[in-house]
Structures are given as C-alpha cells and as structure tokens.
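Undergrad: Have a look at this one.
All of the numbers you see were taken from the coordinates with simple rules; none came from a lab. Every value quoted in this text rests on a predicted model; they were computed, and no experiment measured them. Cβ: placed from backbone, ideal geometry, glycine included. Neighbour counts: every protein chain shown.
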Amino acid sequence: MVILLTIQRISKQTGISVRTLRYYEEIGLLLPATKTDGGHRVYSENELKILQQIVFLKTLGFKLKEIQALLNNTWEWEASLNQQLAFLVEEQRKLQEMESAILGLKNATAIEGGLTESLLQKFIKVSNQEQDKKQAIRQKIFAASEMDLMSKLPGLQLFLILQQ
C-alpha cells in the first residue's frame, strides 16, 4: 500500500510548518514525490523517512546544507533508526548521570556548608568524562565514511570540536 499525503496533512501530523516544507523543497532538501494536476505537493513514505532524518539531524545541531550533504550520501533507514534509538538511550543515561552528579554536588555543598574547591573539581571531572562519551556515541551513530564527510563539510569541524 502506497502512502500519499498532502503538504497540509504532513504539516498537521508532524508540526512542521507548510512554509518550512516548501523551503526544504526550494533548497532541494525534501522534494515531494509528485504533484497533483492542481499543483498540490504529495509526499510518500520515502519523503516522510527523509523528513524524519532531517528533523533528527537538526536536533544534533547540523545546518541544512550539512544535512543535505549527509542525505545525499545514501542513507539506510533501519540502521539509522537503530542508531538514533541508541543515541537517545545513551543521552538519557548521560542526563541521569548528570542529574545524580548535580544532586550529589548540591547535597555535598549543604553538608560541607558551601561549595568547596574539591567538590568543583569532582564535578568538572565528571563533566569532562561526558565529552569523551559524546565522541564515542557520535562514532556509533555515524559510519566512518559519514564521519569523514562531516569532517570535510564547512562549519562542521567546529561543531565536531565543540562536541568533544
């Protein structure tokens, strides 16, 4: 069964504005599967998958030009979903660790009567460990060829450095 949805329906179901969807078409990021005789844009399941990838990559901080370059480098839907799920699970775990560290810091501060240099150093150490984990997660999510491509894209070098 082929799924065909109008731009209005896609907008309602995803919360992405019609204007944004039209802009994605204008820049060649997300083209409709077809247009009706009346000129209405129609999207299929494939375009919905691409839209999902765009939304996910935007949440990681990629710019639209960078996303376009990544999507042009053949994308495997199932593998990508598995990688996104792994990323989200890892992010949840990291947030729980950070929450525990902050609560511990808050409790230690209350017990010690204030913030000490030792407590600050422990918190900084925990924060730095998270940077190493971010890089490891990024390497799990993206294949080596994608990491190579991202390192060559303008503006992404800074993004990758900041994420380390």
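Undergrad: Tell me, Arg19, Arg41 in order of fewest to most beta-carbon neighbours within 10 Å? Present the calculation step by step, with values, prior to reporting the outcome.
TA: On the way: Arg19 9, Arg41 21.
Ascending Cβ contact count within 10 Å gives the list Arg19, Arg41.
Undergrad: Given the C-alpha atoms of the stretch 4-60, compute the convex hull and give its volume per residue in Å³. Numbers along the way, then the final one.
TA: Details: hull volume 4.3 nm³, N = 57.
Taking the convex hull of the Cα positions in the stretch 4-60, it is 75 Å³ per residue.
Undergrad: With contacts defined as alpha carbon pairs under 8 Å and 6 or more residues apart, what's the relative contact order of the stretch 4-60 in percent?
TA: On the way: 48 pairs, mean separation 19.0, N = 57.
RCO, the stretch 4-60: 33 percent.
Undergrad: Let me ask you something else. Kindly provide the chymotrypsin sites (Phe, Trp or Tyr not before Pro) of the stretch 1-104 that DSSP labels as loop, not H, G, I, E or B, and whose Cβ sees at most 16 other Cβ atoms within 10 Å. Write down the numbers at each step before the final one.
TA: Values: sites: Tyr23, Tyr24, Tyr43, Phe56, Phe62, Trp75, Trp77, Phe87; in loops: Phe62, Trp75.
Sparse-neighbourhood loop chymotrypsin sites (Phe, Trp or Tyr not before Pro): Trp75.
Undergrad: Quick one: which of Lys65/Lys94; Lys12/Lys49; Lys12/Lys35 span more than 23 angstrom between C-alpha atoms?
TA: On the way: Lys65/Lys94 29 Å; Lys12/Lys49 16 Å; Lys12/Lys35 19 Å.
Pairs exceeding the cut-off: Lys65/Lys94.
Undergrad: If we count other beta carbons within 10 Å of each Cβ, what is the order of Thr34, Thr109, fewest first? The partial results should precede the final answer.
TA: Values: Thr34 11, Thr109 14.
Ordered from fewest to most neighbouring Cβ atoms within 10 Å, Thr34, Thr109 come out as Thr34, Thr109.
Undergrad: In nm, to one decimal, how far is the modelled label at Leu85 from the one at Val2, with both set 7 Å along Cα→Cβ?
TA: The two pseudo-label positions are separated by 2.9 nm.
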